[in-house]
1. If we keep just the residues of the stretch 137-162 that are among the polar types (S, T, N, Q) and assigned to a strand (DSSP E or B), which is surrounded by the fewest Cβ atoms within 10 Å (Cβ to Cβ)?
2. Restricted to the stretch 302-331, and to residues that are among the polar types (S, T, N, Q) and open to solvent by less than 10 Å² (accessible area, probe 1.4 Å), which residue is nearest to the chain's Cα centre (by Cα)?
3. Among the residues of the stretch 209-225, is there at least one that is of a type in the set (Phe, Trp, Tyr) and in contact with a Ser or Thr (Cβ under 8 Å, 6 or more places away or on another chain)?
4. Taking the condition out of contact with any strand residue (DSSP E or B) (no Cβ under 8 Å at 6 or more places or on another chain), buried (at least 20 other Cβ atoms within 10 Å of the Cβ) and among the small types (Gly, Ala, Ser), does Gly287 pass?
5. Take the residues of the stretch 46-63 that are under 11 Å from Gly187 (Cα atoms) and over 22 Å from the mean Cα position of the chain (by Cα): which is least open to solvent (accessible area, probe 1.4 Å)?
6. Residue by residue through the stretch 163-183, note down the ones that are in a strand (DSSP E or B) and either under 19 Å from Glu35 (Cα atoms) or of a type in the set (Phe, Trp, Tyr) (or both).
7. Any idea which of Ile66, Ile19 is more than 14 Å from the chain's Cα centre (by Cα), farther than 27 Å from Tyr343 by Cβ and open to solvent by 40 Å² or more (accessible area, probe 1.4 Å)?
8. Please go through the stretch 5-38 and give me each residue that is farther than 21 Å from Asn49 by Cβ, among the charged types (D, E, K, R) and touching a residue at least 12 places away in the same chain (Cβ under 8 Å), ordered by number.
Amino acid sequence: MSIKQEAFGMTKDNQEVTIYKIMNNKGMEAHVINEGAALMSLIVPDKNNIKEDVVLGFEDLKSYEINGPSFGATIGRNANRIKDAKVVIEGVTYELDKNDGNNNLHGGKEGYGRVYYTASVKEEAGQDTVTFHRVSPNMEQGFPGTFTYQVSYTVTDDNELIIRYEGISDQTTIVNMTNHSYFNLKGHKSGSAMDHKLRIHASKITESDEESICDGSYLEVAGTPMDFREYKVIGKDIEADYKPLKDASGYDHNYVLENGGDLTVKVADLVDETSGRHMEVYTDAKGMQLYTANFLVPEEGCTFKEHASYPVRGAVCLETQAFPNACNIPSFPSTILQADEKYQTTTIYKFV
């Protein structure tokens with residue numbers, strides 16, 4: 001195990017960004033940067049021990065400062081959507097950034113994936129960790145409370161990438177964090193990922209409207225194109241004449257996980273039979289957003305890694321999270337973090 005550091009450039013605010021390369025003894029590498037606390041690369045051997053980078057990303061720092069798709073980014077203070085960009089906490093209404101129509105998405109335009117972090121490293125037998133630290137000031141993005149938090153990436157000799165989130169706020173607030181990596185297990189520049197097979201241990205999703213806003217109701221997946229309880233090619237039903245798919249232009253839905261928050265119980269499998277790569281997902285989160293990169297287009301001023309051309313649906317996101325719009329739906333598990341209460345959640349992506 002080892003961690004190597006490499007200069008990546010200076011931000012527009014003259015802050016130095018470093019690439020931290022975490023490598024195990026089986027050829028797996030995770031490259032993370034302190035701009036957006038982002039996962040920049042995830043290099044994994046295939047069945048023939050050929051290594052490929054299996055997450056989409058950018059070639060340069062300037063692109064990560066823009067990062068419209070949130071490639072590999074840490075998402076916060078609240079992942080996913082909040083209806084009408086508004087939340088009531090302890091009787092006070094807080095107005096948030098309307099960056100997704102009339103709604104708030106991933107915290108707002110200036111989310112946690114577009115800010116700078118300090119970093120620390122820790123090397124241990126069988127696992128090495130890079131931790132990114134930051135203080136989110138009171139009313140940043142419109143959320144109350146100074147939120148002191150950290151995001152850590154650990155690579156183990158069991159071919160696990162472990163992402164941990166921890167934090168504490170001095171006021172009652174909303175917290176729901178995730179990572180927004182785009183996976184293509186054939187390799188980041190290999191085209192469509194819709195031939196991957198996926199299995200999700202969930203019998204229902206949180207139902208959403210045309211704006212992808214949840215209202216507290218659930219939809220059983222049985223007998224619908226949303227059903228991934230058994231392995232299914234992702235693209236098999238994606239063009240079905242089915243309203244939830246039409247509304248979202250593909251899959252962009254929150255699955256209600258059935259592991260009871262037990263981190264040791266697998267919640268999903270993503271498989272590419274061509275390369276033989278198989279990724280398992282474990283989390284203590286209640287939900288997971290399946291997103292099939294339905295709106296992935298080149299951005300002005302941005303360059304994809306290795307100058308690749310990423311197509312729409314060229315990747316799959318498996319974003320572990322609390323339920324969308326939970327802060328406005330009392331029947332959903334709460335995303336309220338009480339003052340001085342510790343926030344923590346963990347997700348593991350394991351290659352087997």
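1. Thr148
2. Of all residues in the stretch 302-331, those among the polar types (S, T, N, Q) come to 303, 309, 320-321, 325, 328, 331.
Now drop any that are not open to solvent by less than 10 Å² (accessible area, probe 1.4 Å), which leaves 320-321, 325.
Numbers: Thr320: 7, Gln321: 8, Asn325: 17 Å.
Looking at residues that are among the polar types (S, T, N, Q) and open to solvent by less than 10 Å² (accessible area, probe 1.4 Å), I get Thr320.
3. Step one: filter the stretch 209-225 for residues of a type in the set (Phe, Trp, Tyr), giving 218.
Okay, now just the ones that are also in contact with a Ser or Thr (Cβ under 8 Å, 6 or more places away or on another chain), so 218.
The answer is yes, given that some residue of the stretch 209-225 is of a type in the set (Phe, Trp, Tyr) and in contact with a Ser or Thr (Cβ under 8 Å, 6 or more places away or on another chain).
4. Numbers: out of contact with any strand residue (DSSP E or B) (no Cβ under 8 Å at 6 or more places or on another chain): no; buried (at least 20 other Cβ atoms within 10 Å of the Cβ): yes; among the small types (Gly, Ala, Ser): yes.
Here the answer is no, as Gly287 does not meet what is asked.
5. Restricting attention to the stretch 46-63, the residues satisfying the condition of being under 11 Å from Gly187 (Cα atoms) are 46, 50-56.
Keeping just the survivors that are over 22 Å from the mean Cα position of the chain (by Cα) gives 46, 50-51.
On the way: Asp46: 33, Ile50: 88, Lys51: 106 Å².
Among those that are under 11 Å from Gly187 (Cα atoms) and over 22 Å from the mean Cα position of the chain (by Cα), it is Asp46.
6. Initially, the stretch 163-183 is screened for residues in a strand (DSSP E or B), giving 163-169, 173-174, 176, 178-180, 183.
Hits for the stretch 163-183 are Ile163, Arg164, Tyr165, Glu166, Gly167, Thr178, Asn179, His180, Phe183.
7. Working: Ile19 fails: open to solvent by 40 Å² or more (accessible area, probe 1.4 Å).
The unique qualifying residue is Ile66.
8. So the first thing to find is which residues in the stretch 5-38 are farther than 21 Å from Asn49 by Cβ, and the list is 5-20, 32-38.
In the following step, the residues that additionally are among the charged types (D, E, K, R) were identified as 6, 12-13, 16, 35.
Residues satisfying the conditions are Glu6, Lys12, Asp13, Glu35.
The values are calculated or read from the model by the stated rules, or taken from the named source; none is laboratory data. From a predicted model like this one, the values you see are computed outputs, not experimental measurements. We place every Cβ from the backbone using ideal geometry, glycine too, and count neighbours over all the protein chains shown. Just so you know, the surface numbers come from the protein's heavy atoms only, side chains and all, with ligands and any DNA or RNA stripped out. Shrake-Rupley method; radii C 1.70, N 1.55, O 1.52, S 1.80 Å.
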